[in-house]
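Read the figures in this text as sums done on the coordinates, not as results from a lab. Every value quoted in this text rests on a predicted model; they were computed, and no experiment measured them. Cβ coordinates were reconstructed from backbone atoms using ideal geometry, including for glycine residues, and neighbour counts include every protein chain displayed.
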């Protein structure tokens, strides 16, 4: 599904030979004289979707690095996907700024905690974050879980813990979140779809 | 959307009301321009502001925020009085002919059954008269005074052009001109498309705003047609998908109504949700509810879910009341919640009445933020100057912030507003130690499971037995999850007519929801997505944009739920004999042996027209509801004023204070006192979005912050003059709940309107700013908005409230 621009260029040049490209002034000699290759020529192109509004425009994300462990990919350019039948390559001012969203200085990079009464964040490990959060959750659930209501009906709910789910998440984590929360007995559950 | 983005190009008339597609959905809006260019379609915009959409409209009319039902009820009156309706469609495909209980009444703004103390209705008289077999009775002549058609005509006869203009502020001649344009699409071969967004939903009458327009579309015969429909232009790229996965308390994945305390047993639960057909021979598709629910339980609990234990029905938590976001914050504010998590959600900025939200969060023991960005909510406890005046030392909430990936850093499917699910691929890892949402949820769940296995605790069964068949338990793959959502056969699924014929082999993915069973032999995480990952593979990943129909259906691009159907109710695009109403834009036709054409039929494929199986297969009636017995606030929409209104009374019911604002909208104790009156807050405010920003995300992106760096409010020239405000002045906008300061933009785009004999000014307030981000630090707009929501959806009333303004 993914064709790199470099492969694309190779395919093109095989078809065009030296004819039209040379006529436009891009002779092979001139190309060899370039200081470096075009960035997009060595980028990996990935089909993705703009996460903003519900037009869900198709985008092409270009990254350098082949996504393997020793060549971590970095996204260097995002543009509209001209094959997408809805946006046909166009992007609005929101979508056109996606690269700055990906590289926002306000991206969270590691787990943090702000302790009661404190005025600052403290960096913690994932392991510590998960351990501390689940300790809270279990204590809360064990203290407040309702197995039967006053009439004796089995209700199995935990309503002292609430969850607001993301509409920016994909269907798969959305479904998994729903499955897990119902499994825990959560009923105070809502989503951005409401507002 | 009942239709889809590209289908907008097939319309004859686009009406944008309660939205501003040119600004909020620009790349979808271009299909309106395509329709204008290629089909000579017209565009009508009705909005309090002369928006970017209005700037390219053929006709624009202003309207007072919060008076849409008055306008649309007036359109209904116009169509019925002037006989501009699609008769065959209305008679056959709607409940116009159905007879209503003789006890049904509407009296000075209140429907029969109102209980003022509970602010709700006993709906027993809002029902069909039934015959001895339990079928609804009809009068095909449409003449009975108790048939829906006559009741509706009477109800809307009060919506005269004069009264409409008095309530909405829309000049009468503008209103009538729009009525005339709409009425032209009553011709069987003409269609109108309706594009709306939060400008309709974010009112205490939000659901009824939309319903009124749906009724108009039914009178005109525009539902199911190419270029027609009711099209909600929704929020996020996957807000539709997350709605479908049902991450809200009322429903389980696939809109399966969640159990409540009243549903004591599995049998009782299923029986209440499995309706009987209300007319002979109808498909009554919800009769399959047990198949959908039991298959969901197999996806959730695998082998633990058996016929004997009601497929683990008792493990599903039962609701004892409302748990929508406003209700959750109300509980939190009352100190009834211990913990809370926000996944990609910034409620401090996006919920109504910021002060109440901040106070509520401060009462929690723990708060977990799962987000790619440092949100305002994550720092609700931190003093950010005048924008967030709190004392951290007094706030005891322990706050965790977990870094999540963004769109480009995970694979998965997003479902667009047109119900088309499209797969996307991962382009790079997220920054630092960030993880995908599935991995984060799995980490929390697996640790809890370990704790319950080791230490025990309250009701561990549902936790220990939650089906977890993922190859890497800590990293459920999106492919595995979508396959689970789509569904598979656990045992051979056979043909009910011939048990020896195997339709789906054990272990295979099901080709669609029609193959789901209620006996535990199938598993399906969300029936409406059934078949999106069939034996043919991941259909959401399809990228064949070919369009032989020319209608833009692209049936091999992605997967559109349900069943890859692109236009809902498409059977209604053909007449009773199965011939398309518009032969130039045929969606479906009866070929003599089956339904076929340019879409997946929304009909049993071999239902011959003379069987009279009607197109609205999800309704037990088989037809669409002009009269809806299930709404909380009335079977016919009625105009009610916003909870904060510039008027002293509802001009439709000047003598009845109970009918001023929606009598069935929920108001929490204490919140009634937080509403302001026109005496102190004389101006109508409405919030909106800008083309350069998306909600509260893009204030973190440099280029968007450069394009729109600072909070502003928009006021008309007349009000600016009255208040001595110049463009560029800093102004303070106050509501009864707090204030914001911002830069004034003085504009011709908002005009003062004559409403009920007085001049009403409107102030427009974009919502994108806050104290976290790379834009200039600013106030949160929702400091101003009231904590009250729509009677049906509990969506807060962000679009019409009262403020005052002065130079800061």
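Could you work out the Kirkwood radius for the range B:695-784, taking every pair of different alpha carbons, averaging 1/r and inverting it, reported in Å? Display every interim value, and only then the final one.
Details: mean 1/r = 0.0714 Å⁻¹.
Value: 14.0 Å, from the Cα pair sum.
May I ask for the Kirkwood hydrodynamic radius of the range A:73-162, worked out over all distinct Cα pairs and given in angstroms to one decimal?
Result for the range A:73-162 stands at 18.3 Å.
Using Cα pairs under 8 angstrom and six or more residues apart, how large is the relative contact order of chain B, in percent? It would help to have the intermediate numbers written out before the result.
Details: 1818 pairs, mean separation 132.9, N = 808.
About 16 percent, as a whole number.
Using the Kirkwood radius over Cα pairs, work out the Stokes-Einstein diffusion coefficient for the range B:253-382 at 20 °C and 1.002 mPa s, in µm²/s as a whole number.
The diffusion coefficient I find is 121 µm²/s.
Along the Cα→Cβ direction, 7 angstrom out, place labels at residue B:618 and residue B:287. What is the inter-label distance in nm?
Computed distance between label sites residue B:618 and residue B:287 equals 1.9 nm.
How much of the DSSP bridge set in the range A:112-194 is antiparallel, in percent, rounded to the nearest 5?
Expressed as a percentage, antiparallel bridges in the range A:112-194 total about 45.
Could you state the number of Å between the C-alpha centres of the range B:758-808 and the range B:246-264?
32 Å
Using only the alpha-carbon atoms, what does the range A:112-194 span along each of its principal axes? Please give whole angstrom values in decreasing order.
46, 32, 23
Among DSSP beta bridges whose residues both lie in chain B, state the antiparallel percentage, nearest 5. Walk me through the intermediate numbers first.
Details: 51 of 91 bridges.
For chain B, the DSSP antiparallel bridge percentage is about 55.
Please work out the FRET efficiency for the pair residue B:276 and residue A:151, using the Cβ-Cβ distance as r and a Förster radius of 22 Å; give the result to the nearest 0.05. Could the numbers behind the result be given before it?
Working: r = 28 Å, r/R0 = 1.28.
After rounding, the FRET efficiency stands at 0.20.
Can you give me the distance in nm between label points at residue A:77 and residue B:454, each placed 7 Å from the Cα along the Cα-to-Cβ direction?
5.1 nm
Counting pairs of alpha carbon atoms under 8 Å apart in space and at least six apart in sequence, what relative contact order in percent does the range A:112-194 give?
22 percent
Would you mind giving the three semi-axes, in whole Å and largest first, of the ellipsoid equivalent to chain B according to its Cα gyration tensor? Please report the intermediate quantities before stating the final value.
Working: eigenvalues 303, 263, 137 Å².
The answer is 39, 36, 26 Å, longest axis first.
Using only the alpha-carbon atoms, what does the range B:642-704 span along each of its principal axes? Please give whole angstrom values in decreasing order.
If we take the Cα atoms of the range B:642-704, the spans are 54, 24, 22 Å.
Across the protein assembly as shown, how large is the tail of the calculated P(r) beyond 41 Å, expressed as a percent of all Cα pairs?
39 percent
Over the alpha-carbon set of the range B:657-807, divide Rg by the Kirkwood Rh and report the Rg/Rh ratio to two decimals.
Expressed as Rg/Rh, it is 0.98.
Could you work out the pair-distance distribution P(r) of the range B:314-411 from its alpha-carbon pairs, with 5 angstrom bin width and percents rounded to whole numbers?
Going out from 0 Å in 5 Å bins, the range B:314-411 shows 3, 12, 22, 23, 18, 11, 8, 4, 1, 0 percent.
Describe numerically, in nm with one decimal, the distance between label points set 7 Å from Cα along Cα→Cβ at residue B:308 and at residue B:706.
Each label point is offset 7 Å from its Cα along the Cβ direction, giving 6.8 nm.
Among DSSP beta bridges lying fully in the range B:10-126, give the percent that are antiparallel, nearest 5.
35 percent
Fully extended, how many nm does the chain gain between residue B:107 and residue B:495 (0.36 nm per residue separation, minus their Cα-Cα distance)?
Length gained between residue B:107 and residue B:495: 134.3 nm.
When N counts the residues of the range B:407-504, how does its alpha-carbon radius of gyration compare numerically with 2.2 N^0.38 Å, as a ratio?
Normalised Rg, Cα atoms only: 1.47.
What's the extension gain from residue B:535 to residue B:40 if we count 0.36 nm per residue and subtract their Cα-Cα distance?
The residue B:535-residue B:40 span can extend by a further 173.8 nm.
When you have a sec, figure out the Kirkwood radius of the range B:466-578 from all distinct Cα pair distances and drop it here in Å to one decimal?
The answer is 15.8 Å.
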